[in-house]
Amino acid sequence: VGSDDETSPRDKQQKNSKGNSDFCIKNIKQADFGRREIEIAEQEMPALMALRKRAQGEKPLAGAKVVGCTHITAQTAVLMETLAALGAQCRWAACNIYSTQNEVAAALAEGGFSVFAWKGESEDDFWWCIDRCVNLEGWQPNMILDDGGDLTHWIYKKYPNMFKKIKGIVEESVTGVHRLYQLSKAGKLCVPAMNVNDSVTKQKFDNLYCCRESILDGLKRTTDVMFGGKQVVVCGYGEVGKGCCAALKAMGSIVYVTEIDPICALQACMDGFRLVKLSEVIRQVDIVITCTGNKNVVVRDYLDRMKNGCIVCNMGHSNTEIDVASLRTPELTWERVRSQVDHVIWPDGKRIVLLAEGRLLNLSCSTVPTFVLSITATTQALALIELYNAPEGRYKQDVYLLPKKMDEYVASLHLPTFDAHLTELTDEQAKYLGLNKNGPFKPNYYR
């Protein structure tokens, strides 16, 4: 595929079979292949399909104009098509320059969605795509679905007047939620926002169960490493760190943990991990995994002290945890070994193995279990419905958690998959506990 591959999608004339050209993707010819992937994903996303069935009659998102910025994969496509089935109009861009599945973007464009995304965008393409989503003559969004906060940031920067029409923001990542809380603190948040990252179902699934399965997958696919007996340091023992550590421990790795929070640190100790400072183990470990959501966790000084062949990767959302920029200096040689794997070589011949250039490993280098994403996507859909239909005044200009009732509804939609049978409280029991028979069962502060 010589020349065809070289032209940027931005410079190509694109049309789907219906003659619509309000999209920008890699190759519309891949649409059939993408459609099959979406159909496979639908099988593993029972809750979204159930939501479609239940709510198609009443169209709870009729009139909603959603602009979205998420990973564009078969799973998020099922979410987009669910939102459309519930009545919403959608325009979409990618929140990550590497994670777009081109064939899925093609299937969405063929299906009439305005999608602006392809795998391997440049930084400039990234913002161009977001702009094309938002900036359309005669179309104004009234809901935002964001993953990482970049879309929200762009609208604040370029089109602040749009917020007059926007009913709310739904944000799914730690990083994006953090940015919303900062806006709220500064008194600059001008619409209600729903933090779905911290809904209980999403926290446990997306971060704990998902990373428990995808960390080994990402490392195996990129490096073919054996885990037995390897010394690994995991930076951060939040939900993601817990998942990574559990998987590595089960494979026979010797796992060290670094942590700043004494509560998480104590949990790591009770789970049988050595709590250390990175500087104490950096010379001896075989693998370094960051999952703090912070920046400059692995700085150049640590990279200099690593042993030959050390594998370095990031499981947190932002790509700031490993100071990759500090490695782009003349005395170090970069060798691209295979897709998403670089060897960085020091003058004395020592090399480290850097995965996905320090970006999110489990999206760039492996696949995330669809069932886990089903939980997240269902939560996002319900948050959009909740904010869009909320009566005036229920939500102020602040950041909210998804109501527990909704959280429990997400979980209950997923139980049939396991043929799981829920016990119902008797009236007497409900009264004794002071609960409604149908929930919510947990107090709002339950994490």
**Request:** Collect the residues in the stretch 328-350 that are of a type outside the set (D, E), open to solvent by 90 Å² or more (accessible area, probe 1.4 Å) and closer than 18 Å to K307 by Cβ, keeping them in residue-number order.
**Result:** P347
**Request:** Run down Y400, Y409 and say which single residue is surrounded by 12 or more Cβ atoms within 10 Å (Cβ to Cβ), within 28 Å of the chain's Cα centre (by Cα) and in a strand (DSSP E or B).
**Result:** Y400
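Condition check ((1) touching a residue at least 40 places away in the same chain (Cβ under 8 Å); (2) among the hydroxyl-bearing types (S, T, Y)) across all residues:
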| residue | (1), (2) |
| --- | --- |
| F163 | no, no |
| C210 | yes, no |
| T222 | yes, yes |
| F227 | no, no |
| Y237 | no, yes |
**Request:** Would you mind finding the one in G148, G138 that is of a type in the set (G, A, S), touching a strand residue (DSSP E or B) at 6+ places or on another chain (Cβ under 8 Å), modelled with pLDDT under 95 and on the phi > 0 side of the Ramachandran plot?
**Result:** G148
**Message:** Would you confirm, using the coordinates I've provided, whether C69 is within 27 Å of A356 (Cα to Cα), at pLDDT 95 or above and not in a helix (DSSP H, G or I)?
**Reply:** yes
**Request:** Would you point out the residue of the stretch 122-146, among those that are in contact with a helix residue (DSSP H, G or I) (Cβ under 7 Å, 6 or more places away or on another chain) and open to solvent by less than 10 Å² (accessible area, probe 1.4 Å), that is nearest to T175 (Cα to Cα)?
**Result:** D146
**Request:** Considering only the stretch 61-82, state which residues are open to solvent by less than 10 Å² (accessible area, probe 1.4 Å) and touching a strand residue (DSSP E or B) at 6+ places or on another chain (Cβ under 6 Å).
**Result:** A64, V66, V67, G68, C69, I72, M80
**Filter result (surrounded by fewer than 18 Cβ atoms within 10 Å (Cβ to Cβ), of a type in the set (K, R) and at negative phi) within the stretch 51-60** = K53, R54
**Message:** Let me confirm something: among S21, S17, which residue is small (G, A, S) and in contact (Cβ under 8 Å) with a residue 60 or more places away in the chain?
**Reply:** S17
**Item:** All positions within the stretch 69-90 that are of a type in the set (S, T, Y) and farther than 19 Å from I130 by Cα
**Value:** T82
**Message:** Checking the conditions here, which among S114, S99 is at pLDDT below 95 and either in contact with an Asp or Glu (Cβ under 8 Å, 6 or more places away or on another chain) or not β-branched (V, I, T) (or both)?
**Reply:** S99
**Prompt:** Which of the residues that make up the stretch 228-280 are of a type in the set (F, W, Y) and either part of a loop (DSSP other than H, G, I, E, B) or open to solvent by 50 Å² or more (accessible area, probe 1.4 Å) (or both)?
**Reply:** Y237, F273
**Request:** Being among the charged types (D, E, K, R) and out of contact with any helix residue (DSSP H, G or I) (no Cβ under 8 Å at 6 or more places or on another chain) is the filter; apply it to the stretch 162-181 and report the residue that is most open to solvent (accessible area, probe 1.4 Å).
**Result:** K164
**Prompt:** Within the set of pairs 6 or more residues apart or between chains, which connect a residue that is within 29 Å of I130 (Cα to Cα) inside the stretch 49-68 to a residue that is open to solvent by 50 Å² or more (accessible area, probe 1.4 Å) and in a helix (DSSP H, G or I) with Cβ atoms less than 9 Å apart?
**Reply:** M49/Q43; P60/N389; L61/N389
**Item:** Lone qualifier among R274, R283 - being more than 22 Å from the chain's Cα centre (by Cα), touching a residue at least 12 places away in the same chain (Cβ under 8 Å) and closer than 22 Å to E357 by Cα
**Value:** R283
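Residues checked against (1) out of contact with any Pro (no Cβ under 7 Å at 6 or more places or on another chain); (2) under 25 Å from T370 (Cα atoms); (3) of a type in the set (S, T, N, Q):
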{"site": "M162", "(1), (2), (3)": "no, no, no"}
{"site": "K165", "(1), (2), (3)": "yes, no, no"}
{"site": "G168", "(1), (2), (3)": "no, no, no"}
{"site": "G176", "(1), (2), (3)": "yes, yes, no"}
{"site": "Q203", "(1), (2), (3)": "yes, yes, yes"}
{"site": "T223", "(1), (2), (3)": "yes, yes, yes"}
{"site": "G228", "(1), (2), (3)": "yes, no, no"}
{"site": "V233", "(1), (2), (3)": "yes, no, no"}
**the stretch 298-320, residues that are open to solvent by less than 30 Å² (accessible area, probe 1.4 Å) and closer than 24 Å to N207 by Cα** = V298, I311, V312, C313, N314, M315, G316, S318
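The values are calculated or read from the model by the stated rules, or taken from the named source; none is laboratory data. These numbers come from a predicted model, not from an experiment. Here Cβ is always computed from backbone atoms with ideal geometry, including for glycine, and neighbour counts include all displayed protein chains. The protein model used for the area step is the full one, side chains on, heavy atoms only, and it has no ligands, DNA or RNA in it. Shrake-Rupley method; radii C 1.70, N 1.55, O 1.52, S 1.80 Å.
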